[in-house]
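Visitor: Got a structure here, written out as structure tokens. Questions coming.
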Amino acid sequence: MRNKNKFNVVSKPLPTTRKEQLKESLRYRFFDYCFVSIYIFIFLAPALIWYVYAYYTFFTDEINIYSYLITYGVLIPLIIIFGLGISGGLYFFKKMYYGEGSIVHKDFFIGIRKNLKEFIFIYLFLGIIYFLIHVGAGFIEYSSLNGYVKIICLGGMYAVFIIIFALCLIIQGQCLFYNVTFIQSISNAIKFFIGDFLRIIGITLITLVPFFLFDLVPLMMFQIGVVIVCLVFYFGFTCSISVLYFMYLFDKTINIKQYKEIYKKGLAKNESETD
């Protein structure tokens, strides 16, 4: 007679790379991406509502530099609110990829509470930079500069913003995983940026694509499409690949020497890696 209480459990092997983790999470936890995107969109909503209101209020008739000052000045604190939503999404995916029993509806808000101060400061800084970029763009637009010179100047300003955003991306990654001082995080971010330039720029551009599309393509139906994609999936996706990139970067530079207990955490490791 067979013992009814005896059964075989087939445990699923852990993935061996961060890319495999991404594939598995998309396959088995796709709806978590959707929930994270929805939560982050809620935190973005105040900024989006203000932007749409300001656009149809200040940018319809006579546009001047004050339109830019008011629109992007008010956006600064609203960008901070959006940043808090990002902190929740990043924390959830950190727990998920570390195999720590993550639940979106719980861990998203725990992440906000844990990283509140750091992300307020990071997104305050980004909000100010975003404000300066657009006010600068306003001055350039109404200047007497040659058309080609204007394009070069605007391109240079956006390039500077991309670099600054990339550095802030690395800083928030450090805040997510370690207790670091402000000076340490900046110093490390510069080193990481120089040492892994192409990957960091790639992650940055993937993150910023919907914002650039929304900002630079003034077609209402297109912008609505961008918003819908972000709402249902894209915000979660960018948080996911950002966390996986942080794990990859920190494993090969920091964890392998200083924090072996989290080196390749969540991945299958061979015996030499666990010694």
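The values are calculated or read from the model by the stated rules, or taken from the named source; none is laboratory data. Given the structure is predicted, the values throughout are model-derived calculations rather than measurements. A quick note on method: Cβ atoms are made from the backbone with ideal geometry, for glycine too, and the neighbour counts reach across all protein chains shown. Just the protein is used for accessible areas: all its heavy atoms, side chains included, with ligands, DNA and RNA removed. Shrake-Rupley method; radii C 1.70, N 1.55, O 1.52, S 1.80 Å.
Visitor: Does Ile151 qualify as being open to solvent by 50 Å² or more (accessible area, probe 1.4 Å), part of a helix (DSSP H, G or I) and either at pLDDT 95 or above or within 19 Å of Leu90 (Cβ to Cβ) (or both)?
Guide: no
Visitor: Any idea which of Ile112, Ile86, Ile122, Ile49 is on the phi < 0 side of the Ramachandran plot, open to solvent by 30 Å² or more (accessible area, probe 1.4 Å), assigned to a helix (DSSP H, G or I) and not polar (S, T, N, Q)?
Guide: Step by step, each of Ile112, Ile86, Ile122, Ile49 is checked, and only Ile49 is on the phi < 0 side of the Ramachandran plot, open to solvent by 30 Å² or more (accessible area, probe 1.4 Å), assigned to a helix (DSSP H, G or I) and not polar (S, T, N, Q).
Visitor: Can you find a residue in the range 263-273 that is in contact (Cβ under 8 Å) with a residue 60 or more places away in the chain and open to solvent by 30 Å² or more (accessible area, probe 1.4 Å)?
Guide: Among the residues of the range 263-273, at least one is in contact (Cβ under 8 Å) with a residue 60 or more places away in the chain and open to solvent by 30 Å² or more (accessible area, probe 1.4 Å), which makes the answer yes.
Visitor: Here's a follow-up. Can you pull out every residue in the range 189-238 that is of a type in the set (S, T, N, Q) and in contact with a Phe, Trp or Tyr (Cβ under 9 Å, 6 or more places away or on another chain)?
Guide: Selection gives Thr204, Thr207, Gln223.
Visitor: Just give me the residues in the range 151-180 being of a type outside the set (A, V, I, L, M) and within 13 Å of Ile122 (Cα to Cα), in sequence order.
Guide: Residues satisfying the conditions are Phe165, Cys168, Gln172, Gly173, Gln174, Cys175.
Visitor: Then there's this: Give the number of residues within the range 176-205 that are part of a loop (DSSP other than H, G, I, E, B) and closer than 18 Å to Glu118 by Cα.
Guide: Result for the range 176-205: 4.
Visitor: Follow-up. Does Gly173 count as surrounded by fewer than 17 Cβ atoms within 10 Å (Cβ to Cβ), of a type in the set (Gly, Ala, Ser) and assigned to a helix (DSSP H, G or I)?
Guide: no
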